[in-house]
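Below is one structure, written out as structure tokens, with a few remarks after it.
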Amino acid sequence: MPEPRYRRILLKLSGEAFAGAGGQVDVDTTSLMAGQIAQIHADGVSIGVVVGGGNIWRGKPHEAAGMERATADYMGMLATVINALALQDSLERIGVPSRVQTAIEMHQIAEPYIRRRAMRHLEKGRIVIFGAGTGNPYFTTDTTAALRAVEMNAQAILKATKVDGVYSADPHKDPTATRFAQVDYLRALQLGLEVMDRTALTLCMDNGIPIIVFDMNVSGNIRRVVMGDDIGTLVGMSRTA
């Protein structure tokens, strides 16, 4: 049986990935995600997960309507915790051990984020789900993913999306858009490609962490990426490096 290319990964899930067709948190959709994660957990891969909250709360429209940015961002952080708990429930219902850690303390429902404790959970084979972003306003969950990946010594960030990679333009709006099989960090920054925000991308570049952007909706894709299959877009280094 082939060995995984990546033995420790940070999986970034958008809030929209939790919604499916059933609303803000769709249990069937979350269960399907948990099933894909369970596949690589069974392969012995060490897994951290950062979740977004856009299916529940988006701060930008409310900020535009006059809400203070920091308040809108804190509300978004709380939304990520709801998704983190939903994912934990789906994982544990299929027998996969997990822990939720939050950057904003809420002891009744989750552990506070402590790096050494998170590392210990990973060493014991538990999946660690990181909620509440970085705990600070003005930072995205992309930046959280990059930060936690560095802290957890992850070998790669797997960014699950609803498209099959990074394109030169929005493929839903521009039929001439082309998909990149591979692109380096600087070129992604220069072209303004929608990989991650600039802070997150720069942090990955400074620490040599590759980012693989792929379609989460294709069953088995997480495992294919972990095993090194040529799918999605690789940002940062050669697939054969």
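Tabulated data for the structure shown
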item	result
Residue check for L10: part of a strand (DSSP E or B) and more than 17 Å from K162 (Cα to Cα)	yes
In the stretch 111-148, the residues that are over 13 Å from the mean Cα position of the chain (by Cα), of a type in the set (D, E, K, R) and surrounded by 15 or more Cβ atoms within 10 Å (Cβ to Cβ)	E111, R126
Residue tally, condition acidic (D, E), at pLDDT 95 or above and in a loop (DSSP other than H, G, I, E, B), over the stretch 190-222	0
So V96, is it within 22 Å of the chain's Cα centre (by Cα), aliphatic (A, V, I, L, M) and part of a strand (DSSP E or B)	no
Qualifying residue in the stretch 105-117 (condition: in contact with a Leu (Cβ under 7 Å, 6 or more places away or on another chain), over 27 Å from S31 (Cβ atoms) and not in a helix (DSSP H, G or I))	no
Qualifying residue in the stretch 213-221 (condition: surrounded by 15 or more Cβ atoms within 10 Å (Cβ to Cβ), without any contact (Cβ under 8 Å) to a residue 60 or more places away in the chain, closer than 30 Å to A34 by Cα and touching a helix residue (DSSP H, G or I) at 6+ places or on another chain (Cβ under 7 Å))	yes
Residue in the stretch 97-110 that is crowded, with 23+ Cβ neighbours inside 10 Å, among the charged types (D, E, K, R) and at pLDDT 95 or above present	no
When residues of the stretch 38-53 are limited to those that are among the small types (G, A, S) and not in a helix (DSSP H, G or I), the one surrounded by the most Cβ atoms within 10 Å (Cβ to Cβ)	G53
Check on R120, charged (D, E, K, R), over 17 Å from F18 (Cβ atoms) and out of contact with any Asp or Glu (no Cβ under 8 Å at 6 or more places or on another chain)	yes
Test: residue in the stretch 182-189 that is of a type in the set (S, T, Y), surrounded by 15 or more Cβ atoms within 10 Å (Cβ to Cβ), in contact with a helix residue (DSSP H, G or I) (Cβ under 6 Å, 6 or more places away or on another chain) and not in a strand (DSSP E or B)	yes
Residue in the stretch 152-164 that is touching a residue at least 40 places away in the same chain (Cβ under 8 Å), over 26 Å from L122 (Cα atoms) and surrounded by 13 or more Cβ atoms within 10 Å (Cβ to Cβ) present	yes
Sole residue being surrounded by 15 or more Cβ atoms within 10 Å (Cβ to Cβ), closer than 17 Å to A160 by Cβ and in contact with a strand residue (DSSP E or B) (Cβ under 9 Å, 6 or more places away or on another chain), chosen from G15, G35	G15
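Each row is one residue, and each column tells you yes or no for (1) in contact (Cβ under 8 Å) with a residue 40 or more places away in the chain; (2) in a helix (DSSP H, G or I); (3) of a type in the set (V, I, T).
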position	(1), (2), (3)
P2	yes, no, no
E16	yes, yes, no
A21	no, no, no
T30	yes, yes, yes
Q36	yes, yes, no
E63	no, yes, no
M75	no, yes, no
L78	yes, yes, no
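The values are calculated or read from the model by the stated rules, or taken from the named source; none is laboratory data. Worth saying up front: this structure is predicted, and the values here are computed from it rather than measured. With ideal geometry, Cβ positions are generated from the backbone for all residues, glycine too; neighbour counts draw on all protein chains shown.
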